[in-house]
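Reading through the structure tokens given below for one structure.
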Amino acid sequence: MPDSERERRLEELHSAALQRDASERDEFLRQACGDDAELRRAVESLLGYEQELDGFLEVPALQTATLDAMAQERPLVGQMLGLYRLVEPIGSGGMGEVWLAEQKQPVRRRVAIKLIKAGMDTREVVARFESERRAVALMEHPNIAKVFEAGATPQGRPYFVMEYVAGIPIKEYCDQHRMALRERLELFVHVCEGVQHAHQKAIIHRDLKPTNILVEEVDGKPVPRIIDFGLAKATAQPLTAETLFTRAGAIVGTPAYMSPEQAGSTGADIDTRTDVYSLGVVLYELLAGALPLDFHQLAFDEILRRVREEEAPRPSTKLRTLGERSGTVAQNRGCDPPTLARQLRGDLDAIALKALEKERSRRYATPMELAADIGRYLRHEPVMAHPASGAYRARKYIRRHRMGVAVAAGLVAVLVSFGAAQTLQLRRTLIERDRANRERDRATRVAAFMTGMFNVSDPSAARGNSITAREILDKASKEIDAGLSEDPELQAQMMQTMGDVYESLGLYSQAQTLLTRAVDIRRRVLGPRNPDTLTSMSGLGQVLQVQDHYADAEKLDRETLGAQRRVLGPEHPDTLKSMHNLGIILEIEGRWPESESLDREALDIALRVLGPEHPGTLRSLENLGIVVNCEGRYDEAQKLLREALDIALRVLGPEHPDTLRVMLELVHALDDEGRHAEAEKLDREALDIALRVLGPEHPETLRSVTVLARILNEEGRCAEAEKLDGETLDIQRSVLGPEHRGTLESMRNLANDFAGEGRYAEAEKLQRETMNIDRRVLGPEHPLTALSTYNIGCILAGKGNRDDAFPLLREAVDHGLSPGYDLAIEKDPNLQSLHGDPRFAALVAYTKERAAAALKPK
Amino acid sequence: MGEPGHGEITELLLAWSGGEASALDKLVPLVYAELRRLAHRYMWHERADHTLQTSELINEAYLRLVDASRVNWQDRAHFLAVSAQAMRRVLVEYARSRGSQRRGAGMQRLPLSAAVNVHARQSPDLVKLDEALTALAGEHPRRAQAIELRFFGGLSVEETAAVLLVSEDTVWRDWRLARIWLLRSMSRSRSSERGAHAG
């Protein structure tokens, strides 16, 4: 029938017209309708309803009815709750209802009261809130709604009294006002500022989502206000199927905004970056009009798994998958779908995804970093967010040899990195590559399988499982050759991933084997200038460094740096990173002037490209400070490190692990100059923070303790040092396992303490135990095995047993003792008793010879 | 009337999904009765501590009435369709019994604040909406169903698509066009009311 045909045509045109920008619509309709003026009028009439449609029937009927009923029949109206009189209900959510209330004494004001539903243990909820309340009360920020107090109703329901915010959720606000991307971003930056403020007061929100971010209009301008700070922790319930779903099976939790770490564990391991993730989801929605991940109709376990593992598509890509809805989304941003996609592509895509990284260390570290990148975008400056095709590794724990001029009793010269970098990085490059979907999926699945198998992103998770993981790995590395030979790129990727895993377990030589092969394959298949190849090279360099193969590492790093300078440019963050790595190696090798000049260059670039408040700049300052310290210019070194610490405090906050690291470097510098008292004071401060923020078992905390023990040992307070090292050792034995490098280091330190106290028998016993493990696990040529051997030699020397001491010392030097020990041997007070013995002079000379030879590149 | 057990309703649901149209006639009143009971309980605050979402309500009814282990997702979708229908009847009846006019003035006064899922928009007169919706069903049955499922049943677009066995895109379109139709229809009846008064 012509009528229904006409109607169909009318509706098609309506739909199509909606997908276009208003400016194009005219033209489109003119072409589509041609002479048919009536048709055109009809379409325009339909289009005219867009405004009115907004909100019409969008909220299910029952909700509205409930509020009406609540308002009219609720016996609570007019009731007093403490100083507040309940006026009317203004909303309901998953946790309870919200009421408007009035206060008359001591001040007149309106507040919002959140009544939590019964069934939660009121006493506990209120108590938990009390612990945060003081900090919450200290928050004073235009973008945060204050929470005043908590209490319980006579019926036993917990309630929270909050600042009343007359606003609507940020998503709705932006949509209703058809805010363009730029305006949304400006609004969002304020949200970040608010969250940052809270973080600086050590409050993490934990439950950021659009309904918790309301927008108020003040003097006609939109002001976002974040609510419910401090409530999530108080009302937190264990993450089980019961709490996530109602008994009826519908999802009332907010998994959409939950970070991977919240979905992965008992929820205990939350830090400020958890909020960054949630902010990322909110940002994503503001940009693309949809959530990054889909959860409907899924089982509990599957939801959590997705949050942990499934990578979100880029906002611009997501927009495309929305189909019809993209028209509405674009309209709500004042444009049409193609324009919107164009605006999102590139920088905004990258920023959103960076905030949503599964691994915390790859996210923005703080909300301010996120805001800063957005700021850069708005000012048309280059953003930092782009996925690292180079060697982006959060190398928080880089192993160094401490080689200040005043070398401490060289025994504890090594500060081993307890848990290596966050390893299993699901390489985004795999997914972004332009391959058939099938291949992409396969690779993703394989890598995800590996990740899932080990889940060793946290060293403390490796506990006693390192052996099992090892067996699996060993088996897998055999199979990798057979299974993937037709797909060299995938093979290389797998080898890279597995090499990372070995590295995280401290099994460096296996890591080296795999990474070397990965580099070889990539060089061959992708070419020597390909960013992935460069990534592998960079990673291999660090593994070499950690094993003290400095000459090889230096050679490789120089090559990598050279290539990166050409391919990525001299000012690219990855290039900068390589400069850092090379600088560190040169410093360890004792080539301080070269290291210094490289570090200065890096600092220069960092200041120019990254700005003075960027972690990369922080790193440069730190490295420079360290090498300058080695050269004995203590004042300058301390100045640089203090500057770095200032920046870290400002940008990352006092409780960030990186800040703690810088603090510890400053401790070293002070200690090297002999300012033991200051060093000890600062170290105790760092330890204090670490204990509070990271917990007593966190690697960085343990490091602080270790450093403190070393300082005490140097000051001769060996008994105190022994106590600390003993405690540390206990923790490490249970957390890391008896054969972990960190545990072994503590054993060595403890042995030193015994030796310092004159308890040679115990010292020797412990040291031999360590050496045996070293020899078995690391091999007879490993520097740490050599160090253990060396230590035993020192103990024997201390006992007066020269004849046995010398062969051991010589063995240590022959079998892997690190270069630079020539200095240590001469000055080592533990070997004092050997001075004057001709064998000692011979030993020193021999050591110098070997050291000089080792530093020559092969 | 005694409470229907799992068994009876499950059987009816399976039968209806299997193609037995008459099962629906028996099914709807049972579901309706249950939903009515639940809704009244919530709205009249027997369970004063519970906050309410439509989907929760329907899911609770589902759990109580249906033996989920025997029923697949498509049957569940059918159940949702029936529930939405039943919810509509419950709410319209509720609105009628309260002699409700347009909520306009009352709602507008409510300020929006924390954790609210409600727009600051007027809720439509449910009785009038019901009439308009019935009329719409005469012309575009699937569009009317989309409104029923989403507005009365609280279903998401994905769930609606699953029930109606169409694509999500189609649901969006249906929903938009249905609302336009309803707006028009209801504003027409409004003006005729005014006309009647003036006259």
So, A:R110, is that one modelled with pLDDT of 85 or more and surrounded by fewer than 16 Cβ atoms within 10 Å (Cβ to Cβ) or not? yes
Please tell me if B:A161 is closer than 19 Å to A:L13 by Cβ and either at pLDDT below 85 or in a helix (DSSP H, G or I) (or both). no
If I ask for residues that are surrounded by 16 or more Cβ atoms within 10 Å (Cβ to Cβ) and not in a helix (DSSP H, G or I), which ones from segment A:716-727 would you list? A:R717
Report those strands (runs of 3 or more DSSP E) wholly inside segment A:166-230 carrying at least 3 residues which are without any contact (Cβ under 8 Å) to a residue 60 or more places away in the chain. A:167-169, A:213-218
State whether the residues of segment A:610-627 include one that is over 25 Å from the mean Cα position of the chain (by Cα) and buried (at least 21 other Cβ atoms within 10 Å of the Cβ). yes
Inspect segment A:620-637 for any residue being among the β-branched types (V, I, T) and in contact (Cβ under 8 Å) with a residue 60 or more places away in the chain and give the result as yes or no. yes
Lone unmet requirement of (1) within 11 Å of another protein chain (Cβ to nearest Cβ); (2) modelled with pLDDT of 75 or more; (3) in contact with a helix residue (DSSP H, G or I) (Cβ under 6 Å, 6 or more places away or on another chain) for A:S4: (3)
At pLDDT 85 or above and either buried (at least 23 other Cβ atoms within 10 Å of the Cβ) or under 22 Å from the mean Cα position of the chain (by Cα) (or both) - does that describe any residue in segment A:295-312? yes
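For segment A:526-543, does any single residue satisfy the condition of being among the acidic types (D, E) and assigned to a helix (DSSP H, G or I)? It would help to see each step written out before you state the result.
Pass one, segment A:526-543, residues among the acidic types (D, E): A:532.
Pick out the ones that are also assigned to a helix (DSSP H, G or I) and you get A:532.
There is at least one residue in segment A:526-543 that is among the acidic types (D, E) and assigned to a helix (DSSP H, G or I).
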Which of the residues spanning segment A:759-778 are over 14 Å from A:L744 (Cα atoms) and either modelled with pLDDT under 85 or not in a helix (DSSP H, G or I) (or both)? A:R759, A:Y760
For A:T706, indicate whether it is of a type in the set (S, T, Y), assigned to a helix (DSSP H, G or I) and in contact with a strand residue (DSSP E or B) (Cβ under 8 Å, 6 or more places away or on another chain). yes
If you go through segment A:75-99, how many residues are more than 7 Å from chain B (Cβ to nearest Cβ) and either more than 26 Å from B:V92 (Cβ to Cβ) or modelled with pLDDT under 70 (or both)? 16
Only residues that are more than 22 Å from A:I792 (Cα to Cα) and touching a helix residue (DSSP H, G or I) at 6+ places or on another chain (Cβ under 9 Å): list them for segment A:733-751, please. A:V735, A:L736, A:G737
Top-ranked residue in segment B:140-155 [being farther than 20 Å from B:P124 by Cα and touching a residue at least 24 places away in the same chain (Cβ under 8 Å); ranked as farthest from the chain's Cα centre (by Cα)]: B:H140
B:D125 fails exactly one of the following numbered conditions: (1) away from every other protein chain (no Cβ under 11 Å); (2) modelled with pLDDT of 80 or more. What is the number of that condition? (2)
Residues of segment A:117-159 being modelled with pLDDT of 75 or more and part of a strand (DSSP E or B), which ones? A:I144, A:V147, A:F148, A:E149, A:A150, A:G151, A:P158, A:Y159
Just the residues that are in contact (Cβ under 8 Å) with a residue 60 or more places away in the chain and at the interface with chain B (Cβ under 10 Å from one of its Cβ atoms), please, taken from segment A:139-156. A:A145
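The values are calculated or read from the model by the stated rules, or taken from the named source; none is laboratory data. As the structure is a computational prediction, the values presented were derived from the model and not from experiment. Heads up, the Cβs are rebuilt from the backbone with ideal geometry, glycines too, and the neighbour counts pull from every protein chain shown.
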